[in-house]
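The values are calculated or read from the model by the stated rules, or taken from the named source; none is laboratory data. It should be emphasised that the depicted structure is a prediction, and the values quoted were computed from it without experimental measurement. All Cβ positions, even for glycine, are placed from backbone atoms using ideal geometry, and neighbour counts span all protein chains on display. In case anyone asks, the SASA skips ligands and DNA or RNA and just uses the protein heavy atoms, side chains included. Shrake-Rupley method; radii C 1.70, N 1.55, O 1.52, S 1.80 Å.
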Amino acid sequence: MRWGDFAVTGSYDADAGQFTPVEIVPAAEIPERPDFPSDEPIETPCAEPDGGWRVVDESRVSLDDFHAATAHASTVEGYAATWVDMSRNPAAGGDPLDPAVEAQLSDPRYTILNVAVAGDPAAAEASIRALWGGMLCVTRAERTEAELVALLQEIIDGPGVLGGGVDGIAGTVGITVVHDDGSLQEELDDRHGEGLVIVSSALVPA
């Protein structure tokens, strides 16, 4: 058995659901590769507080406090997403295999906890602050995570859908289909609003 990355060119019969390859070459031989999602970290959208980003309560900034706060955040009204910003960590960009760097990278005191909610950000922040004394940014989202998951479940069983997921930070639902010539994307835009459902086609024109 041979494993690797290959570029496969062929013809696809949508009615039969059958792909017939006519050429298979190593992917490295193809000068133009598909775009992949960026690995760039997601930044903190809140403006820097007066006095800068800092710990506000040293008694509630342990790793256990951080885990408790993130778990609680997912239960607040209108919860949409949680992510972390480690750009303020002095060890950011260092060698993660270095034990000293690894220890500092995992220190929650240097982590900004980001939470997005479709409800009241101020109420959510107050609730999370009861558990977390570290850096915190709470912003407003258009849709809750539950709403996005419900929409994904509504469309995931459609013909030709290979899989999908939700992005609570962007507020979108993404699905991958065998092939879309643009008509499915247009249909979903008309049904749910442009930009809410993002369709990715596994097969693209050669």
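What the table below lists for this structure:
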{"quantity": "Gyration tensor verdict on the range 58-172 (Cα atoms; rounded if a/c is under 1.5, prolate if a/b is larger than b/c, oblate otherwise)", "calculated": "oblate"}
{"quantity": "Residues R129 and E48, FRET efficiency given R0 of 22 Å [Cβ-Cβ distance, rounded to 0.05]", "calculated": "0.80"}
{"quantity": "Inter-centroid distance (Cα atoms) of the range 76-121 relative to the range 175-190, Å", "calculated": "35"}
{"quantity": "Simple spin-label estimate for T9 and R88 in nanometres, 7 Å along Cα-Cβ", "calculated": "5.2"}
{"quantity": "Calculated FRET efficiency for the pair E142/D57, C-beta based, R₀ 22 Å, to 0.05", "calculated": "0.10"}
{"quantity": "With every protein chain in place, the range 39-114: carbon and sulfur % of accessible area (1.4 Å)", "calculated": "51"}
{"quantity": "Cβ-derived FRET efficiency at R0 35 Å, D157 paired with A68, nearest 0.05", "calculated": "0.45"}
